[in-house]
Amino acid sequence: MPVPKVPDKGSVTRRGFGVLRVAIWEEPGIFALSVLASMLYGGMTVAGGWALGWSTDHVIRPAFESGETTTGAIVTLISLFLGIAILNAIGVVGRRLGAGVMQFRLQATYRNRVTRQYLKLPLEWHHQHSTGMLLSNANADVESTWFVIAPLPMAIGVIAMLVFATIAMFAADVWLALVGCLVFPLVFIANVIFQRYLQPLATRAQQLRADVSEVAHESFDGALVVKTLGREAAETERFRGPTNALRDANIAVNKARGMFDPVIDGLPRLGVLAVLLVGVGRVRSGGADAGDVVQVAFLFTLIGFPIRALGWVLGELPRSVVGWDRVQRVLTATGGMEYGEARLTSTKAARLQVAGVRFGYLPERDVLAGMDFTIEPGRTVAVVGPTGAGKSTLTTLLTRLVDPEQGAVKVDGVDLRDLARDELAGSVALVAQTAFLFDDTIRGNITLGGDYSDDDVWEALRIAQGDGFVKALPEGLDTKVGERGTTLSGGQRQRIALARALVRRPRLLILDDATSAVDPQVEARILAGLRSAVHDDAGAATTVLVIAYRKATISLADEVLFMDDGRILAHGTHTELQSSTPAYRDLVDAYENDAERRLEEAELDLDAEGATA
Amino acid sequence: MSAAEASRLDHGDNAGGLQTLKDGLKVSPELGRGWGLTGILALTMTAGRIVVPIAVQQTIDKGLSGPNGPDMSYVAWMCLVCALGVILTAGASYLTTVRLAINSESGLATMRIKAFRHVHDLPVLTQSTERRGALVSRVTSDVDTVSQFLQFGGFIFIVSLGQMALATVVMFFYSWQLALVVLLCFIPLFASLKYLQRAMSAAYGVVRAKVGEMLSAISEPVVGAQVVRSYAIEKRTQDRIDASIEDYRKTATKAQAITGLTFSIGGLAAGLANAGVLTVGVLLGVDKQATLGELLAFMFLVSLFSDPVQIATQVLTDARSAFAGWRRVLGVIATPADVVDPGEDGVKQARGPITVEFNHVDFAYPEGELVLRDVNARIAPHRRVAVVGETGSGKTTFAKLLTRLMDPTSGAVRLDGVDAREISFESLRERVVMVPQDGYLFDASLAENVRFGRPEVTDAELVTAFESLGLTDWLESLPDGLQSPVGQRGESLSAGERQLVALVRANIADPDLLVLDEATSAVDPGTEVRVNAALERLMAGRTSVTIAHRLSTAEAADEVLVFDDGKIVERGPHAELVGAGGVYTQLHDSWIAQRSAV
């Protein structure tokens, strides 16, 4: 059976039922089980009313009137009510557990699918969507799509319950049943009106909660500016606006609840009174027994609450549809990289060729416009250029995070697009500007699950100048770094990211300002270590391409690529470029000032560290 | 108050229930208002719930079994009275909910605003980046938890408790024997409530932890997309995500199972009570100790009794987290703000040339060693001072004390001879302005950002402020001029342009003493020239203290203060210090060495 299609157009309710169909199609077994349990619950609830009516006529009244009863009658009473209660409890547990299993399974399934898409879709797609939105697609949106599953089995059970109840009422007495036929639809309609009325109010409160949070985030992020300019009172006034709006929205929601709750509660109560009134008339005319009256009245009491489940399902449908649409935007996105069959077999330093490469994130604007250069194996090359020259974009092309629109990037003469999947990662390692760490141990962050000995890891850390601080940690390599490495300083994170690349002994190493947060002295040691590490006994084992922002970094390079506006403007040694290219000279002089500034960069960090020590 | 107390964020963990209530009422007086009428309305509302059982009893005993057969008119009258009762109590119910909602929401809003304000009064250290997330939750999700709890269970539960109490009274009125039977049948449930609730809290605690782990795992392919791709670890990443999703699914299902069990136990207790009441009731009826109506009314009363008990475990669990949230917010408000505004009592200083003095100033961060030790300094009006020193030497601390972002542990900082602690914030912030390294920009227009310190200035004055710093051409190069949006955190501008905005902002504030923390981030050469020129003009005619990260800044200053290990070890103009062979000479040498590394 194909996946049921959720209609693109139509009312929210119609589309919502489409989502429910998908849910049932995904989990038919557990859905059937929970509906069966729920029907048992519905049946037993009605049976409770029937049992009271039956025992009133057949056990209780005779006993009261005759002044005597039998053990058999008492045993019947006990087993009847206990039996119904036990079956009812089984129904309740089955229904709730089934709904839970179904809801959480659906969540898990869709989270798996969404995250698989994240891993599959190209990096360009990622760049087009904000982090916050992607995280909420995989979490909050999936959750809100399937919230509606929680009350779904109960609602279906309630429908069964209403059918049973109607039958039981008609079996008892037609007139009493007619009262029921008047009251139950009224309760249902009141529920639907309530949910429809409440939905926009609840959405507004939700929106205002986000507003409050936004002001708080921004204001606390700028706390220092607020303090230094003495704007605390003004900021508080700014916060007061959304806070008071949220207060009013919450009061409006409560008012709606306060208005509808007594109506939805009160209707069955009025129904009971009507049943009593009509019932007395029917008993007088001989059309019904006292037991019939009691049974119908008791049914009203029992059904008043469960009937709300129908309203819950209808009320959740809009949220479910919104969540579904947002999740579908991810699931139906297309794209992904094609891979070839080629392998890289060399164990020596790689040769890198960039031939006629053109690339732009937006169609009308090229970030890289016709780049041509070759880096010979074992060379260390510094890429220098002003902000926005396209340096970081170049690194993403070299590691095939994106493909060029024209031209080709080749390693050892092989076009990256012809390489087999995962083949490039075996030869090329990129260390990016911001070090991303996984919520894992330091070892895990360096090996990334690869098969490396502790000696290899320590050696990589030594070159990255990270062995010292890792050794000082109580659990060494087994220290957990926390989510995104929050327990470490920026410089420490960068050194781990560097070790991650070095442990792989890449044949081409690409550093994109990968040491920006470490002390200049430490950086100098890293660069020196790198220089000796990439030269093995037989000569250079690694080709290095480094995006340079400091004169000291440039001094490490054998040659310099000077670029601006997505083009290579000059290619040669530092000395050559200094005399041949005035723009290069100006830029490097600016870096010189920058280097001085960075000397003092760790100051604030250290002050703060002293404070928490 | 010790400094150690100040650094901590009070979580209020130790406060008892009663203390929390007391503190809460003090923060939000609205919570204590109008309880007399609300109480009466709530009582009326619960009374409405027992109308039905009484009507049933009356109908059976008096209506159906009247001396002359069923008594139609009696039942009609009674039903009419009862119906009026139901409608009246529905009105009372509405009024109760609305009154409770208005009081509690107003109280929560007041608390939210007070907490927000207090966060801004907290020491800079407490506002540090790593705590910011926690602080935001105090004024957002923690308050929302309380509000949501009240909306989705709190009010109902309070009323339900009244309903149970009233049902018990009516039961004892009809028959004490049957009432005892009902209570007896519910005892096992009451006994297990505490245990079930604990199990549920524990289960949901695990669920919350697993949600956190899952979110962290899910964020990896999003935030770390580049690393995942370039190291080809898609498989490993997916495995980690799958495992965390599966973990969460299992724990959430388990928690759901416990909830389901709790609900079914409530139903079982009700079934047991029904069977017990009927059995004992029939035996009593045989002895003429109970009427049929009373017995049947009991069946209706039992359901009034069992419904609240069934939701109790869930509500109690929610109540616990709501209460914890409330305590956390109150905890923030209770956290001492060490730098206190003397307010109305404070000294209001005249504007004009300013003299700064440090007298025997010590400073230590809470539980830390001294960062500044016996610092003495006097900065004369209109002097341009550069503060230099190695990482951790205490020069940033010096600037924070100067601007009263912190107070000295001992000793005093004086402005024109007055202890900074005695000057009203209004006067102090008018005279002393600090330009931090990264001037934070708000997601608003350029104009709104530069007039942040003084919202009253006109657009014309803003243009003059740009002009006086030599930034007219830059302003004109922006597409929308003053109205250009700067984006979140000013991300539409480059780092250098953000510095320019921070300088204009300081220019608008027009202080007597300017404290600058020189920015260290990379700036493109063109903007660099602009920043330097603007700085030069901003410092003209003012006393200025710059935490210098550049040799050129120290060279250009009238005077250099050299910090080493928390002390001022040298002071004087660059020309004197550079050849003195001290700390400054060393710093200078290492700068030169770094510079000529190529």
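Applying the condition of being assigned to a helix (DSSP H, G or I) and of a type in the set (S, T, N, Q) to the stretch B:286-330 and asking which residue is nearest to the other protein chains (Cβ to nearest Cβ) yields B:303.
Every test in (1) surrounded by 21 or more Cβ atoms within 10 Å (Cβ to Cβ); (2) more than 36 Å from the chain's Cα centre (by Cα) is passed by residue B:376 save one, and that test is (1).
Filter the stretch A:302-337 down to residues that are among the aromatic types (Phe, Trp, Tyr) and in a helix (DSSP H, G or I) and give me whichever is nearest to residue B:274 (Cα to Cα).
Step one: list which residues in the stretch A:302-337 are among the aromatic types (Phe, Trp, Tyr), which gives A:305, A:312, A:324.
In the following step, the residues that additionally are in a helix (DSSP H, G or I) were identified as A:312, A:324.
Details: A:312: 29, A:324: 45 Å.
That would be A:312.
The residues of the stretch A:389-421 that are of a type in the set (Lys, Arg) and over 30 Å from the mean Cα position of the chain (by Cα), listed by number, are A:391, A:410, A:417. Given the condition more than 14 Å from chain B (Cβ to nearest Cβ), part of a helix (DSSP H, G or I), buried (at least 21 other Cβ atoms within 10 Å of the Cβ) and at negative phi, answer yes or no: does some residue in the stretch A:422-432 qualify? Within the stretch A:422-432, not a single residue is more than 14 Å from chain B (Cβ to nearest Cβ), part of a helix (DSSP H, G or I), buried (at least 21 other Cβ atoms within 10 Å of the Cβ) and at negative phi. Restricting the stretch A:235-257 to residues that are under 30 Å from residue B:436 (Cβ atoms) and more than 7 Å from chain B (Cβ to nearest Cβ), the residue that is surrounded by the most Cβ atoms within 10 Å (Cβ to Cβ) is A:242. Close contacts from the stretch B:57-70, counting a first residue that is touching a residue at least 24 places away in the same chain (Cβ under 8 Å) and a second that is in a loop (DSSP other than H, G, I, E, B) and surrounded by fewer than 23 Cβ atoms within 10 Å (Cβ to Cβ), with Cβ to Cβ under 9 Å and a gap of 6+ residues or different chains, come to B:57/B:291; B:60/B:291; B:61/B:291; B:62/B:71; B:65/B:71; B:65/B:291.
Within the stretch A:218-238, residues that are without any contact (Cβ under 8 Å) to a residue 40 or more places away in the chain reach partners that are small (Gly, Ala, Ser) with beta carbons closer than 7 Å, at six or more positions or on different chains, in the pairs A:225/B:439; A:226/A:219; A:229/B:453; A:229/B:509; A:231/B:453; A:235/A:219. Each residue in the stretch B:65-77 was checked for being facing another protein chain (nearest Cβ under 8 Å) and either under 30 Å from residue B:35 (Cβ atoms) or not in a helix (DSSP H, G or I) (or both), and 3 pass.
Quick grid of which residues meet (1) more than 12 Å from chain B (Cβ to nearest Cβ); (2) at pLDDT below 85; (3) surrounded by fewer than 18 Cβ atoms within 10 Å (Cβ to Cβ):
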residue	(1), (2), (3)
A:185	yes, no, yes
A:195	yes, yes, no
A:208	no, no, no
A:226	no, no, no
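The one condition from (1) surrounded by fewer than 20 Cβ atoms within 10 Å (Cβ to Cβ); (2) over 22 Å from residue B:151 (Cα atoms); (3) of a type in the set (A, V, I, L, M, F, W, C) that residue A:169 does not meet is (1). Residues that are modelled with pLDDT of 95 or more and of a type in the set (Phe, Trp, Tyr) occur in the stretch A:95-106; there is at least one. Here residue B:80 fits the description: surrounded by fewer than 23 Cβ atoms within 10 Å (Cβ to Cβ), within 9 Å of another protein chain (Cβ to nearest Cβ) and either within 23 Å of the chain's Cα centre (by Cα) or of a type in the set (A, V, I, L, M, F, W, C) (or both).
Taking helices (runs of 4 or more DSSP H) as the structural unit, those lying wholly within the stretch A:69-139 and holding at least 2 residues that are more than 8 Å from chain B (Cβ to nearest Cβ) and crowded, with 17+ Cβ neighbours inside 10 Å correspond to A:71-120.
Taking the criterion of being polar (S, T, N, Q) and crowded, with 18+ Cβ neighbours inside 10 Å, the residues of the stretch A:435-468 that qualify are A:445, A:447, A:465.
Listed here are the residues, each with its yes/no results for (1) farther than 24 Å from residue A:541 by Cα; (2) surrounded by fewer than 21 Cβ atoms within 10 Å (Cβ to Cβ); (3) in the same structural domain as residue A:413 (by TED's automatic domain parsing).
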residue	(1), (2), (3)
A:337	yes, yes, no
A:341	yes, yes, no
A:355	no, yes, yes
A:358	yes, yes, yes
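If I filter the stretch B:276-285 down to residues being within 7 Å of another protein chain (Cβ to nearest Cβ) and modelled with pLDDT of 90 or more, which single residue comes out as nearest to the chain's Cα centre (by Cα)? Quick ask: steps written out before the conclusion?
Initially, the stretch B:276-285 is screened for residues within 7 Å of another protein chain (Cβ to nearest Cβ), giving B:278-279, B:282, B:285.
Subset that is modelled with pLDDT of 90 or more: B:278-279, B:282.
Working: B:278: 54, B:279: 56, B:282: 59 Å.
Applying the filter and picking the extreme gives B:278.
Given the criteria in the same structural domain as residue B:53 (by TED's automatic domain parsing) and at pLDDT below 90, does residue B:164 qualify? Yes, satisfied.
For the stretch B:453-464, enumerate the residues that are part of a loop (DSSP other than H, G, I, E, B), touching a residue at least 12 places away in the same chain (Cβ under 8 Å) and more than 18 Å from residue B:516 (Cα to Cα). B:454, B:457 - these are the residues of the stretch B:453-464 that are part of a loop (DSSP other than H, G, I, E, B), touching a residue at least 12 places away in the same chain (Cβ under 8 Å) and more than 18 Å from residue B:516 (Cα to Cα).
Counting the residues of the stretch B:437-477 that are closer than 18 Å to residue A:221 by Cα and acidic (Asp, Glu) gives 3. Based on what the data block shows, is residue A:260 on the phi < 0 side of the Ramachandran plot, among the aromatic types (Phe, Trp, Tyr) and within 7 Å of chain B (Cβ to nearest Cβ)? Criteria not met by residue A:260. Selection of the stretch B:273-304 for residues being buried (at least 22 other Cβ atoms within 10 Å of the Cβ) and either of a type in the set (Asp, Glu) or over 22 Å from residue A:74 (Cβ atoms) (or both) yields B:294, B:304. Please enumerate the residues belonging to the stretch B:185-216 that are within 19 Å of residue A:108 (Cβ to Cβ) and more than 7 Å from chain A (Cβ to nearest Cβ). Within the stretch B:185-216, B:203, B:204, B:206, B:207, B:208, B:209, B:210, B:211, B:212, B:213, B:214 meet the criteria. Residues that are among the hydrophobic types (A, V, I, L, M, F, W, C) and buried (at least 24 other Cβ atoms within 10 Å of the Cβ) within the stretch A:268-282 comprise A:272, A:273, A:275, A:276, A:280, listed in sequence order.
Given B:343, B:352, which one is modelled with pLDDT of 80 or more and surrounded by fewer than 18 Cβ atoms within 10 Å (Cβ to Cβ)?
Numbers: B:343 fails: modelled with pLDDT of 80 or more.
Of the residues listed, the single one that is modelled with pLDDT of 80 or more and surrounded by fewer than 18 Cβ atoms within 10 Å (Cβ to Cβ) is B:352.
Would the stretch A:253-267 turn up any residue that is closer than 30 Å to residue A:218 by Cα, part of a helix (DSSP H, G or I) and not assigned by TED's automatic domain parsing to the domain that holds residue A:113? Yes, that holds for at least one residue. Screening the stretch B:465-575 for helices (runs of 4 or more DSSP H) wholly inside it with 3 or more residues that are within 13 Å of another protein chain (Cβ to nearest Cβ) returns the ranges B:495-509, B:525-539, B:551-556. Taking strands (runs of 3 or more DSSP E) as the structural unit, those lying wholly within the stretch B:346-444 and holding at least 1 residues that are more than 30 Å from residue B:496 (Cβ to Cβ) and either among the aliphatic types (A, V, I, L, M) or not assigned by TED's automatic domain parsing to the domain that holds residue B:122 (or both) correspond to B:356-364, B:370-379, B:410-415.
The values are calculated or read from the model by the stated rules, or taken from the named source; none is laboratory data. Remember, predicted model here, so these are calculated numbers, not experimental data. Cβ coordinates were reconstructed from backbone atoms using ideal geometry, including for glycine residues, and neighbour counts include every protein chain displayed.
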